[in-house]
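Working notes, beginning with the structure itself.
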Amino acid sequence: MTQFQTTTDGQREGSVESGYSDDGLLPELVAHLRENRTRLRDQWAHRVTEASLLEAMTPQEMAAETTLVYDNYVEVLETGSVEALQHYARDLSERIIPRGVETHEVVGIVLLLRDVLARSLFEKYSHDPELLNRVLDAYEPAANRIANTVAVSFVEERERVIREQQDALRELSTPVLPVRERLLILPIIGVLDSERARQLTEQLLLGIRRHRARVVVIDVTGVPGVDETVANHLVQTVDASRLMGASVIITGLSPTIAQTLVTIGVDLGKMNTIGDLQGGLEEAERLLEYGVAQQGGAST
Amino acid sequence: MIQQGPTPVSILREGSNLVVSIHTALDDTQMERFRHDLVAAIGQHRARGVIIDVAALDVLDSFGSRTLRDIGEMARLRGARTVIVGIQPDVAFAMVRLGMSMGALPSALDLEEGLAFLAQAGSPTQGGSSG
């Protein structure tokens, strides 16, 4: 595969079958690309714009990035080592991923550059088809490898970013907030899947013990939808909290969710539900004060 | 309190309440015997409340939770309210996952909360006006 690694010292893995020595071809090619750098780069940038790729970037950024990509590209052709390119591709991905650049765009621009350069080679060697053949033999595997490297780096980087965000989300997604003595709030925002429900319950139970909570308000205003599974998770959370001696108030069940729950027949009869968080907090205060008053009255 | 007794359960009197600590996991026979002893002790001590502390248990199986539930019911028939205290987070979570429940048996966080609960709810006339 590394046919183009016919660089300098000894390590030629040339699968050069023709009688010609191709040693000089890649350096020559590189020299050609360097010579025509501005022209080819502009041509390429033009085609990128034409294909409406990288529209998230400003023209200045485009100019800067295309120059960098171009130089890296040529460098890989020259050295045969993709390491620097990999590094650059990751770096580039890191910068452009937050701006919503898609995989197809990244692959698209690299393939466009490959085509632009190939076209220029056609032009330059059109007088000698055999030489052109050999030049392309040297160029194509290298170009493909570059496209491959960039695409893989981009996807890897994106996966890394996604993983990081998932981790961050996981940590952020289960805040157990002490509001006042004996009272916790657990606002749930986002989709509640089994894994998250497990974590949430775990955090809540630990929170109950740590803060010696008597009342917990679980606010589900930020939960987009509730199905049977999610409802059962909630029931489990409530039951587990009760076993730890804390009463649970659920708030923020939207009209849609309320209708869904009744329609699918989830039994929420045991649950103490209040319309909104404000009402839930008032109810919680009432429970706590009632408890304290009773306690005070009875212990005398 | 953590003496090596004949059963790994200690039953202590605290005012009009019995404080019961389970120190280690009980097998089914021990559980039965514990139930028997406790129901007898309620009458002996004329207890109005029972606190069962399970903080030392890191697992509570279905037989265990059913027995506790039964004890709660039997104690009620003998005139005492029961509250379970000290269920660990892991245990609570495992119990709900496995679909086990304590039924109507109330729980409290720990001994202190359990005593507070009984003090608050202990009056025979539904925790109302004058005690």
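The values are calculated or read from the model by the stated rules, or taken from the named source; none is laboratory data. Note that this is a predicted model, so its numbers are computed, not measured. Cβ atoms come from the backbone with ideal geometry, glycine included; neighbour counts cover every protein chain shown.
A few remarks follow.
- Selection status of residue B:40, surrounded by fewer than 17 Cβ atoms within 10 Å (Cβ to Cβ) and under 23 Å from residue A:241 (Cα atoms): no
- Positions within segment A:191-209 being within 16 Å of residue A:242 (Cα to Cα), surrounded by 18 or more Cβ atoms within 10 Å (Cβ to Cβ) and of a type in the set (A, V, I, L, M, F, W, C), in sequence order: A:200, A:204, A:205, A:208
- Residues in segment A:88-111 include none that are over 25 Å from residue A:159 (Cα atoms), of a type in the set (D, E, K, R) and crowded, with 17+ Cβ neighbours inside 10 Å.
- Look at (1) closer than 30 Å to residue B:117 by Cα; (2) within 14 Å of chain B (Cβ to nearest Cβ); (3) outside any loop (DSSP other than H, G, I, E, B) and you find that residue A:280 fails only one, number (2).
- If the condition is being in a loop (DSSP other than H, G, I, E, B) and charged (D, E, K, R), then segment A:184-236 contributes A:193, A:212, A:214, A:227.
- Residues of segment A:218-268 that are within 14 Å of another protein chain (Cβ to nearest Cβ), within 21 Å of residue A:206 (Cβ to Cβ) and over 32 Å from the mean Cα position of the chain (by Cα): A:235, A:238, A:239, A:240, A:241, A:242, A:243, A:244, A:245, A:246, A:247, A:248.
- Segment B:93-113, residues that are aliphatic (A, V, I, L, M), assigned to a helix (DSSP H, G or I) and more than 7 Å from chain A (Cβ to nearest Cβ): B:94, B:111
Yes/no per residue for (1) modelled with pLDDT under 80; (2) under 18 Å from residue A:140 (Cα atoms):
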| residue | (1), (2) |
| --- | --- |
| A:5 | yes, yes |
| A:11 | yes, no |
| A:16 | yes, yes |
| A:56 | yes, no |
| A:63 | no, no |
| A:87 | no, no |
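- Among the residues making up segment B:63-89, those that are assigned to a helix (DSSP H, G or I) and away from every other protein chain (no Cβ under 14 Å) are B:63, B:66, B:67, B:70, B:71, B:73, B:74, B:75, B:76, B:77.
- Pair list, Cβ < 6 Å and 6+ apart or interchain, from segment B:55-69 residues that are more than 11 Å from residue B:101 (Cα to Cα) to residues that are modelled with pLDDT of 90 or more and not aliphatic (A, V, I, L, M): B:55/B:86; B:67/B:35
- The residues of segment A:271-291 that are surrounded by fewer than 18 Cβ atoms within 10 Å (Cβ to Cβ) and modelled with pLDDT under 75 amount to a single one, A:290.
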